[in-house]
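Written out below as structure tokens is the structure these notes cover.
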Amino acid sequence: MVAVVHKLPKKHKILILVFFAVILTLTLTTSEKAKASKDNNQTGLEVGKRYDVAIKIADKSITDTSSTALKADSVENIAYKAFTVKKGDNLALIFKRAGFSAQTLHKLINTDKQTKQLTNIHPGEVLYFAKDSNEQLSHLKYELSQTDTLLVSLDENDAYQSSISSKKIETRNQITAGTIRTNFWNAGIEAGLTEKQIMNFADIFGWDIDFANDIRKDDSFTLIYETKHIEGEYIGTGNVIAAEFINQGEHFSAVLHEDGNYYTPEGRSMRKAFLRAPVNFKYISSSFNPRRKHPVTGKIKAHRGIDYAARTGTPVMASGNGKVIKSGYSKYNGNYVFIQHGTQYVTKYLHLHKRKVKTGAKVKQGQLIGTVGATGRVTGAHLHYEFLVNGVHRNPKTVKLPKSESLNQTELAKFKPVADQMLAQLIVKRELQLAMN
């Protein structure tokens, strides 16, 4: 037999070996079962005789958990059909397309405040419907946001019940840095920041730096910011946690405290009594110059402010809290607004397209007071901004602004360790960035 096997092709030899291996395994298994049966008979149990067996249930919650899991599975297995909201659609049209009556729509919408949110649907959004065995609307699902989903279901009493299912947002910290080659905006984009983050960054340092006038080539910045994730998927950015800006060799640092405000590493608020610039940074067309030649008349005339060139309609903000002492129009100033801040300071905003406040109105820092225009004696759309201290014109770019408040000792004790940790990370990132350039 062995001689015959040797003469067979290699493929046949392998098949025979596999066959014998299977036979051997079955033989051993049968033997073990027989042994186990024999051992059981040695315990005194007799075949065909009925025995009572005591079963101990450790915790009733085992049964409850199984029931809950079964319900969850049945919910997840609902057969939804998706309907995308089209331009010009309303709920009545969508329900009709899905095969449900106006009465069903009325009943569902008036269930509670949550279901009334369905009236705010927009093109491109999706509604999910499910039917029961009677072709009734049994379930509806609608995503309210990236985190929240409205769930509506028909209960055993033929009434609709609603709930909100919320996904947990995971927050992570990201760090980035950049060096200015042309302007701050481009440097921010190159560093991977969004437009909103760039503006938020400028707002943080807006009390110390005029981003339209003070920025120079080779200025640099570093920041730590939040990124938001749902189930591991990136959904957007959050707050700036800490930031550093080096402007013309001068270092500015800010760290977010749990009160939602930004402070220097020493605990002094970044928020000053005045903003450095009353408009979002674009570019400067004419700086403070007491011997400037007027662009229209050609005569030497003091230019006691800064001109911020921007598109007509660009928002103009109050640079500090105060009271509007004048809001009007003149041949040279065009539409203008003058604001008194306490007893020492006055700010002036000229050539506005529109004025948004009236004489006597109280305003808050950052409040919209007008829009950039080209009214009065001008050559193009811009805001002319002046800063007066005790009636004397000062350069808005360099005037020393009132100091900000500091955290009290209790809050400073909580803030300082966090600030030190954030600053250490910023320094490491900055040094790495310098090494790469």
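What follows draws every value from the coordinates through simple rules; no lab data is involved. Keep in mind it's a predicted model, so treat the numbers as computed, not measured. Using ideal geometry, Cβ is built from the backbone for each residue, glycine included, and neighbour counts are taken over all protein chains shown.
Quick notes on this one:
- Peptides 183-189, 109-115 ordered by average Cβ neighbours within 10 Å, highest first: 183-189, 109-115
- Computed packing ranks the peptides 344-353, 405-414, 221-230 as 344-353, 221-230, 405-414, most packed first, by mean other Cβ atoms within 10 Å.
- Mean Cα-pair separation over length for region 142-217, i.e. relative contact order, pairs under 8 Å, 6 or more apart, %: 19
- In this calculation the C-beta distance from residue 432 to residue 196 is compared with R0 = 30 Å, giving a FRET efficiency of 0.75.
- Its Cα centre serving as origin, region 309-437 has a Cβ charge dipole (Lys and Arg +1, Asp and Glu -1) of approximately 580 debye.
- Sequence-separation-based contact order of region 200-263, relative, with Cα cut under 8 Å and 6+ spacing, percent: 28
- Charge context of residue 160, other residues only, Cβ under 11 angstrom, K/R +1, D/E -1: -2
- Ranked by how many other beta carbons lie within 10 Å on average, peptides 317-326, 259-268, 168-177 from highest: 317-326, 259-268, 168-177
- Links that overshoot a 30 Å alpha carbon limit, given the list 348/416; 217/356; 217/331; 196/397; 81/116: 348/416; 217/356; 217/331
- Difference of contour (0.36 nm per residue) and Cα-Cα distance, residue 110 to residue 173: 18.4 nm
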